[in-house]
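K.L.:
This is the structure I have questions about; it appears just below.
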Amino acid sequence: MRLANRPLAFILAAALIAASVVIIAEVIGFAAHRSPLLVHWSTWYHWARGTRWDALVVRVWSAILIVVGALVLILELTPRRVTRLPLRSGDNATDAAVTRRGLAGMLRAAATGVDGISSATVKVRRRRAIVTAASAARGRPAATALTEPVTQTLRSQLDSLDLRHPPRLKVHVVPRGR
Amino acid sequence: MHADRTNRLVLALFGLLVLVAGAGGMAASTGVFGVAFSRQTLFDNRASGFIGHHGGWLWPAVAGACLLLALACLRWILVLLASTDRVGDITIPGDTDQGTTTLQPAATAARRAAHVLEYMDATSLRRWVPVYS
């Protein structure tokens, strides 16, 4: 969204400059009895003087403005996707962070480092890290027995990173498929 | 840095203004401000009357405001097009009698990267020197 905002901002700024130039030119033109100069605003003026608020065209344009305004507002106010999780630092001048992908890789490596775990998939979100590990052994009891050691390993890995807002850990250990 | 905060703030403000204008127009059109008002023409109201009666000073004032707005937007566009996330050469403060010492950001970044790699036992690092404010 940050990247999409740049062309949108450019278009808005250019449109505001163009509108400002037109208004300034028309005000000067009106004072010099040479109006309209750039835009035939007198046509709009007469249209507005003859159009009632309950006209269909007013409702249509109002609906368009509501939709456009709501869309822009929703796009701008939606919280950004978290790409980096800040680390604690003793020095205010130091801004250190771990990326979501980096944290997922670390947790995956830690989970597969536990004896009895053959693979793991990790999803790191803003507030939660969801780890699904597959046990090397078949059967539900073997997988359940591994849940605690995997959780402890991952928790100590998270603690060692000293994240400013560590995500909540959710661990599932599933038995190996056929 | 490409005015990202300004972009977001101004676009949100623009969205809010457009939404309020649309909602106001719809409310006036559907009779929320009274059926009598919805039957009036667009310029048949107190605000339009005020603008009509005070046009002598109001329109030049609007033109002045538009000039300031255009200049602000021009600066906004320049920031959008010209700024980067990278810092320039860093001047080392101190006595300049025998010349000025400058530090290239790439050298600083390389040194920091080496430190971090050594400390974290990592294999690679994306080097980045932020803009000092």
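What follows draws every value from the coordinates through simple rules; no lab data is involved. As the structure is a prediction and not an experimental result, all values here were calculated from the model. Virtual Cβ from ideal backbone geometry, glycine too; neighbours counted across all protein chains shown.
K.L.:
Find the centroid of the Cα atoms in segment A:8-50 and in segment B:57-72, then give the distance between the two in whole Å.
P.N.:
12
K.L.:
Could you give each residue of segment A:61-69 its phi-based ³J(HN,Hα) in whole Hz, using Karplus coefficients 6.51, -1.76, 1.60 with θ = phi - 60°, and x for Gly or Pro?
P.N.:
Calculated HN-Hα couplings, in order: 5, 5, 4, 4, 5, 4, 5, 5, x Hz.
K.L.:
Now a separate question. Counting other C-beta atoms within 10 Å, and keeping those with at most 13, which DSSP coil trypsin sites (Lys or Arg not before Pro) do you find in segment A:1-71? Intermediate values should be presented prior to the final figure.
P.N.:
On the way: sites: A:2, A:34, A:49, A:52, A:59; in loops: A:34.
Listed in order of number, the matching sites are A:34.
K.L.:
Please compute the modelled spin-label separation between residue A:83 and residue A:138, points set 7 Å along Cα→Cβ, answer in nm with one decimal.
P.N.:
4.5
K.L.:
Sticking with this one: With θ set to phi - 60°, apply the Karplus curve 6.51 cos²θ - 1.76 cosθ + 1.60 along segment A:100-105 and write out the HN-Hα couplings as whole Hz, x wherever there is a Gly or Pro.
P.N.:
Result, rounded to whole Hz: 4, 5, x, 5, 4, x.
K.L.:
How much length would be gained if the chain were fully extended between residue A:4 and residue A:101, taking 0.36 nm per residue of separation minus their Cα-Cα distance, in nm to one decimal?
P.N.:
Working: separation 97, 0.36 × 97 = 34.92 nm, distance 2.24 nm.
32.7 nm is the gain from fully extending residue A:4 to residue A:101.
K.L.:
Take chain A, connect every pair of alpha-carbon atoms lying under 10 Å apart with a spring to form a Gaussian network, then pick out the residue of A:18, A:109, A:145 with the largest mean-square fluctuation.
P.N.:
In the Gaussian network model the winner is A:18.
K.L.:
Which length gain, in nm to one decimal place, applies between residue A:46 and residue A:119 when the Cα-Cα distance is subtracted from 0.36 nm times their residue separation? Don't skip to the end; give the middle numbers.
P.N.:
Working: separation 73, 0.36 × 73 = 26.28 nm, distance 7.32 nm.
Result: 19.0 nm gained on full extension.
K.L.:
Between residue B:9 and residue B:98, 0.36 nm times their residue separation minus their Cα-Cα distance comes to what? Don't skip to the answer; put the middle values down first.
P.N.:
Working: separation 89, 0.36 × 89 = 32.04 nm, distance 4.64 nm.
Result for the pair: 27.4 nm of gain on full extension.
K.L.:
How large is Rg over Rh for chain A, taking Rg from the Cα atoms and Rh as the Kirkwood inverse mean of 1/r across Cα pairs? Numbers along the way, then the final one.
P.N.:
Working: Rg = 29.8 Å, Rh = 22.2 Å.
In chain A, Rg relative to Rh is 1.34.
K.L.:
Segment B:1-66: which trypsin sites (Lys or Arg not before Pro) are DSSP loop and have at most 12 other beta-carbon atoms within 10 angstrom? It would help to have the intermediate numbers written out before the result.
P.N.:
On the way: sites: B:5, B:8, B:39, B:46; in loops: B:39.
Passing sites in segment B:1-66 are B:39.
K.L.:
Evaluate 2.2 N^0.38 Å with N set to the residue count of the protein assembly as shown, then give the Cα radius of gyration divided by it. Numbers along the way, then the final one.
P.N.:
On the way: Rg = 30.3 Å, N = 311, 2.2 N^0.38 = 19.5 Å.
Relative to the 2.2 N^0.38 Å estimate, the protein assembly as shown comes out at 1.55.
K.L.:
Follow-up question, since we're still on this one. Taking segment A:79-164, which trypsin sites (Lys or Arg not before Pro) meet the DSSP loop condition and have no more than 16 other C-beta atoms within 10 Å?
P.N.:
Values: sites: A:80, A:81, A:84, A:88, A:100, A:101, A:108, A:123, A:125, A:126, A:127, A:128, A:138, A:155, A:164; in loops: A:80, A:81, A:88, A:125, A:126, A:127, A:138, A:164.
Hits after loop and neighbour filter: A:80, A:81, A:88, A:125, A:126, A:127, A:138, A:164.
K.L.:
Which value does Rg/Rh take for chain B over its C-alpha atoms, Rh per Kirkwood?
P.N.:
Details: Rg = 27.4 Å, Rh = 21.3 Å.
On the Cα set of chain B, Rg over Rh gives 1.29.
K.L.:
Please list the non-local residues whose amide H lies under 5 Å from the amide H of residue A:120, H modeled 1.01 Å from N, same-chain partners needing a gap of 5 or more.
P.N.:
A:134
K.L.:
Tell me, how many Å apart are the Cα centres for segment A:149-165 and for segment A:69-93?
P.N.:
Using only Cα atoms to place each centre, the spacing works out to 23 Å.
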